[in-house]
Amino acid sequence: MTLADPRLAASTHGPFTPSVFHVVGRAQEAPDVVTLALESAEGRPLPFKPGQFNMLTAFGVGEVPISISSRPGHGPLMHTIREVGAVTRALCRAALGSPLGVRGPFGTDWGLDDFAQSDAVVVAGGIGLAPLRGAVQALLDRAGLPMGPRRVVVLVGARTPDQLIFKRDLEDWSRRGQVAVTVDMAEEGWEGNVGVVTHLVDQAAFDPNRAMALVCGPEVMMRFAIQALIERGVLPTSIRLRVSLERNMQCGTGLCGHCQLGPYILCKSGPVVTYPQASRLLTEAEL
C-alpha cells in the first residue's frame, strides 16, 4: 500500500490512497522521538478528533500508523514519531519541505464531550503522551466552561529525563492545570519526582467520584495505572485507554483483520476503548 511517487497520490483518490502533505516543521522531542508538523499540498485541513490516528507514508519506503498529536483546528497537523524501524526512521529524518503521504483519520477518539463537569485525569507513560496531547490541550481550553471539566490533572512518567517529550507543553499546562512528572531513573541535575507514574495517582488532587480518566503508555504501566485509579475510587466505566496495537495495523479501515484482538478490530472499534471493554485484553502479555 505504498506509493513510490508522491505525484501518484495527488492524481488518484480513494480510502487507500494517501493525500500529499509537506513537512513544515520538526522538533526533536527526545533522542529517538521527533514531532513533525504537516500541511496539505492542496491547502485543505484534515478534520479529526483527539485520539485518532493516521497512516503516514514515507514514499518509496512504506506506511505506518501514527497517532495525531495536535488538537483540531489549531495549526498544522502534528505527529510524534519514535524511530523503531525503516519507515519510522525515514519519517523521523524527513527534511523540511519533504512530501509525505497521509491517510485518515482512523479509529475512535477520546470522547471529550463526556467530560463536562468532571475532574479530568490524564495518565501517560513515555511516548503515550503523544496521542493524549491534543486531548489535554482541548480539555484545558474547555476547563471551567459549562461543557468542560472542572479541573485537569496530568500525570506523566518517563524512563529518564531525556525521554520526556513535550517539555514546553508541560510547563504551559502546569500554569493552567495540575501537572506532575516523574522518571524511573534520575540523572544528574534532575530535581523532580523519581518513581513509577502510578505513584502520582495516589498523590494527585481530584475527586474520584467525579473523575474521568484517560490512560496511555506501555501495557504494564496501563495495568497498574488503572488499578491505582480504581483503588482511588474511580469507576471502571469512567476510565478510557488507548490499546497500542499499531504494530499490526495495515489498512486502517477494518478490512485486513491484522489488528483483530478478541471481538475487536482495533483500527475501527479502537484504539481508544473503555476499561470494561479492554479488561480482558489487558490480561494478555505484550498486547
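Over the chain, what is the relative contact order in percent, taking alpha-carbon pairs closer than 8 angstrom and at least six residues apart? Display every interim value, and only then the final one.
On the way: 639 pairs, mean separation 47.9, N = 287.
The normalised contact order for the chain reaches 17 percent.
Can you bin segment 146-239 into rounded, prolate or oblate? Criterion: square roots of the alpha carbon gyration tensor eigenvalues sorted a ≥ b ≥ c, rounded for a/c under 1.5, prolate for a/b above b/c, oblate for the rest. Intermediate results must be reported in sequence, preceding the final value.
On the way: a/c = 2.15, a/b = 1.37, b/c = 1.57.
Taking the square roots of the gyration eigenvalues as a ≥ b ≥ c, segment 146-239 is oblate.
Per residue of the chain, what 222 nm ellipticity follows from adding -39500 (n - 2.57) for every DSSP H run with n ≥ 4, rounded to the nearest 500? Walk me through the numbers on the way to the answer.
Values: 7 runs with 60 residues, N = 287.
Calculated at 222 nm, the ellipticity per residue is -6000 deg cm²/dmol.
Using the Cβ atoms and a cut-off under 11 Å, what net charge is assigned to the surroundings of Gln178, where Lys and Arg are +1 and Asp and Glu are -1?
Values: positive: Arg151, Arg175, Arg176; negative: Asp119.
Result for the neighbourhood of Gln178: +2.
Return the percentage of antiparallel bridges among DSSP beta bridges fully within the chain, rounded to the nearest 5 %. Provide the component values of the computation, followed by the final result.
Working: 34 of 58 bridges.
Looking only at bridges with both residues in the chain, the antiparallel portion is about 60 percent.
If you count the DSSP beta bridges with both ends in segment 124-279, what percent of them are antiparallel, to the nearest 5? Working shown, then result.
Working: 5 of 19 bridges.
Around 25 percent antiparallel, to the nearest 5.
Full-extension gain between Thr237 and Arg89, please, as 0.36 nm times their residue separation minus the C-alpha to C-alpha distance. All intermediate terms of the calculation are to be shown ahead of the outcome.
Values: separation 148, 0.36 × 148 = 53.28 nm, distance 3.78 nm.
49.5 nm is the gain from fully extending Thr237 to Arg89.
Rank Gly252, Val152, Ala90 by how far each Cα sits towards the positive end of the charge dipole of the chain (+1 on Lys, Arg Cβ; -1 on Asp, Glu Cβ) and give me just the farthest.
Gly252
With a 10 Å Cβ neighbour count serving as the proxy for reagent exposure, in which order, fewest first, do Val61, Val84, Val179 appear?
Numbers: Val61 16, Val84 12, Val179 21.
Result, fewest neighbours first: Val84, Val61, Val179.
When Met147, Met55 are ordered from fewest to most other Cβ atoms inside 10 Å of their Cβ, what list results? Please report the intermediate quantities before stating the final value.
On the way: Met147 10, Met55 24.
In order of increasing Cβ crowding within 10 Å: Met147, Met55.
Placing unit charges on C-beta atoms (Lys and Arg positive, Asp and Glu negative, everything else neutral), compute the dipole magnitude of the chain about its Cα centre in debye, rounded to 20. Before the final figure, lay out the partial values.
Values: 26 positive and 27 negative charges, 130 e Å.
With Lys and Arg at +1 and Asp and Glu at -1, about 620 debye.
Counting alpha carbon pairs within less than 8 Å and at least 6 residues apart, what relative contact order, in whole percent, applies to segment 6-105?
On the way: 208 pairs, mean separation 35.6, N = 100.
Reported relative contact order: 36 percent.
If all Cα-Cα distances of segment 57-104 are sorted into 10 Å bins from 0 onward, what percent lands in each bin, rounded to whole numbers?
25, 59, 16, 0
Order of Arg168, Arg103, Arg210, Arg93 from fewest to most other C-beta atoms within 10 Å?
On the way: Arg168 8, Arg103 23, Arg210 15, Arg93 12.
With the sparsest Cβ surroundings first, the list reads Arg168, Arg93, Arg210, Arg103.
About its Cα centre, how strong a charge dipole does segment 6-105 have in debye, to the nearest 20, once Lys and Arg get +1 and Asp and Glu get -1 at the Cβ? Mind dumping the intermediate values first?
Details: 9 positive and 6 negative charges, 21 e Å.
About 100 debye.
Using only alpha-carbon positions, what ratio does the radius of gyration of segment 119-186 give when scaled by 2.2 N^0.38 Å? Write down the numbers at each step before the final one.
On the way: Rg = 11.9 Å, N = 68, 2.2 N^0.38 = 10.9 Å.
For segment 119-186, the normalised Cα radius of gyration is 1.09.
Under the Cβ-under-4.7 Å rule, which cysteines of the chain stay unpaired?
Taking the Cβ cut-off of 4.7 Å, the unpaired cysteines of the chain are Cys92, Cys216, Cys259, Cys267.
Taking Cα centroids, how far is segment 168-234 from segment 39-110 in Å?
Using only Cα atoms, the two centres lie 27 Å from each other.
Laboratory data are not the source of any read-out in this text; all were calculated from the coordinates shown. Just so it is clear, the structure is predicted and the values come from calculations on it, not from any experiment. Because the Cβ atoms are built from the backbone with ideal geometry, glycine has one as well, and the counts that use them run over all protein chains shown.
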